[in-house]
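Student: First, the structure itself, so that you have it in front of you.
The values are calculated or read from the model by the stated rules, or taken from the named source; none is laboratory data. Quick caveat: nothing in here was measured; it's all calculated off a predicted structure. Cβ coordinates were reconstructed from backbone atoms using ideal geometry, including for glycine residues, and neighbour counts include every protein chain displayed. SASA here: full protein model, heavy atoms, side chains in, ligands and nucleic acids out. Shrake-Rupley method; radii C 1.70, N 1.55, O 1.52, S 1.80 Å.
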Amino acid sequence: MRHLRLDVVTIFPEYLEPLRHALLGKAIEQGILSVGVHDLRGWATDVHKSVDDTPYGGGPGMVMKPEVWGPALDDVAAGTAPGQELTTSLPHVDKPRHDDLAGVDGGAAESGEDPDLPLLLVPTPAGTPFTQADAQEWAKEEHIVFACGRYEGIDQRVVADAANRYRVREVSIGDYVLIGGEVAVLVIAEAIVRLIPGVLGNRRSHEEDSFSDGLLEGPSYTKPRSWRGLDVPEVLFSGNHAKVDRWRRDQALLRTQAVRPELLDTAVLDAADRKVLGRE
Ligand code: 6GU
């Protein structure tokens, strides 16, 4: 069985508490995932445990210090860092889920740098956009380290120097600004961990995710058949799987055109798809 090690370096270790819950907690219990959270202040050298300083060139805010981050990332890469191990004991851990099935194995690692180096993810609004394709790739990793910056960011030399021990990626979770990288780590970690075989088990549930085919998912319905005067679409009772699949595809196409039309520029569309979209 594969295993993913996540380490998070942060000045707010308590922000990472939700990593223990639900899906991620279950993955920890199953031995698929282990998580270490490390307080950056443990690497501060002065009596005040300072981790930031004023920016060269002036301007507002503070910049996180390279002499603190450098040794922290060295130790975490080497696996010699002190830091709490997140454990879980949740009531649901031995209860089978509706979506438990054997998963599928991942493929080759990303090309380019030495694939044996751990992956360092640095959340920043100035990073490249984090996508489902990234989550799919990173679900195959063995060791991912997150460096959470606060304030105006981390001295850029930390990122440059870390490339000697890591494959480094600066990533953004969207076009808005958060106070720090901690919440972005929760988002990215959850997107990755749910794709590890055995965590969400059911292979179809991944293949039909929004974005996996470049489209948004259409609507879903369950019982009752009629609720508050609103009826479930008739086609879903037809028993004709081809017809249901075509209808779901049409709904996905129309929804994507309505709310994220730019996604259709790269989606693979056949003649039937183009007809539904009025793009013949
Ligand atoms: Cl990844 N980090 C921070 N601090 N702010 C963000 C972000 C990340 N993505 C969008 N805004």
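Student: How high is the relative contact order of the chain? Use alpha-carbon pairs under 8 Å, at least six apart in sequence, and give a whole percent.
Tutor: Details: 427 pairs, mean separation 56.2, N = 280.
In percent, rounded to a whole number, it is 20.
Student: A further question on this structure: Among the lysines, which have Cα under 23 Å from the Cα of residue 275 when same-chain residues fewer than 8 positions away are ignored?
Tutor: 243
Student: Something else: Before anything else, pin down the relative contact order of region 208-277: Cα pairs under 8 Å, at least 6 apart, normalised by residue count, whole percent. Present the calculation step by step, with values, prior to reporting the outcome.
Tutor: On the way: 53 pairs, mean separation 26.7, N = 70.
Relative contact order comes out at 38 percent.
Student: Another question, then. Taking the alpha-carbon centroid of each part, what is the distance from region 171-233 to region 256-280 in angstrom?
Tutor: So the separation of the two Cα centres works out to 21 Å.
Student: Tell me the carbon and sulfur percent of the accessible area for region 208-277, rounded to whole percent, probe radius 1.4 Å. Before the final figure, lay out the partial values.
Tutor: Details: 2610 of 4920 Å².
That share works out to 53 percent.
Student: Which of the lysines could a cross-linker bridge to residue 65, judged by Cα under 17 Å and excluding same-chain residues fewer than eight apart?
Tutor: Candidates past the 8-residue exclusion: 49.
Student: Pick out which of 40, 269, 200 has the largest mean-square fluctuation in a Gaussian network model of the chain, springs linking Cα atoms closer than 10 Å.
Tutor: Most flexible of the set in this elastic network: 269.
Student: About its Cα centre, what dipole magnitude does the chain give when the only charges are +1 on Lys and Arg Cβ and -1 on Asp and Glu Cβ, stated in debye to the nearest 20? Mind dumping the intermediate values first?
Tutor: Numbers: 30 positive and 45 negative charges, 246 e Å.
With only Lys, Arg, Asp and Glu charged at Cβ, the dipole is about 1180 debye.
Student: For residue 179 and residue 47, calculate 0.36 nm times their separation in residues minus their Cα-Cα distance, and state this gained length in nm to one decimal. Could you put the intermediate results ahead of the total?
Tutor: Details: separation 132, 0.36 × 132 = 47.52 nm, distance 2.55 nm.
Taking residue 179 through residue 47 to full extension adds about 45.0 nm, to one decimal.
Student: Can you spot the lysines whose alpha carbon is less than 21 Å from residue 26's alpha carbon? Ignore those fewer than 8 places along the same chain.
Tutor: Excluding near neighbours in sequence, the set is 95, 140.
Student: Provide the percentage of antiparallel DSSP beta bridges, counting only those with both residues in the chain; round to the nearest 5. Display every interim value, and only then the final one.
Tutor: On the way: 6 of 29 bridges.
Percentage antiparallel, nearest 5: 20.
Student: Of 74, 245, 209, which has the largest mean-square fluctuation in a 10 Å C-alpha GNM of the chain?
Tutor: Among 74, 245, 209, the largest GNM mean-square fluctuation belongs to 245.
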